[in-house]
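Working notes, beginning with the structure itself.
The values are calculated or read from the model by the stated rules, or taken from the named source; none is laboratory data. Since the structure is predicted, the reported quantities are computational estimates derived from the model, not experimental observations. Cβ coordinates were reconstructed from backbone atoms using ideal geometry, including for glycine residues, and neighbour counts include every protein chain displayed.
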Amino acid sequence: MFKQAFPVVFLALNILSSTARCHAALRDPTRPVYSNGKKITAAPVRSRPVLSAIRISSQSKWAVINGVSAKQGQTIADGIKIVKIRAKSVVIKQKDKIRELHLIGQHYKKY
């Protein structure tokens, strides 16, 4: 009788141990990721200046960069100086680098 039950018990134990190993390899995707007990954080994201609007009137020129409205010649956050405002673009100076930001499409108004 022991000889007949041994293969069945052996097979059952083998199935149980492989199932346990299989479940141990699965990880909860909602759990935070840790490495050596230290939390892994993402690198800070540096945002580029984004031009969202230009307003040109007979008296002044305004541009909206990163949600901040400013005139030509003004300096806004992150040391961005508005050098020149054109109909579809704005020339800025940031950290001694001169760049030109462009509007996408025809989103400018003349008054």
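For segment 89-108, the set of residues classified as closer than 21 Å to S58 by Cα and either at pLDDT 90 or above or loosely packed, with under 11 Cβ neighbours inside 10 Å (or both) consists of S89, V90, V91, Q106, listed by residue number. In the condition set (1) modelled with pLDDT of 90 or more; (2) in contact with a helix residue (DSSP H, G or I) (Cβ under 8 Å, 6 or more places away or on another chain), N66 is compliant with all but (1).
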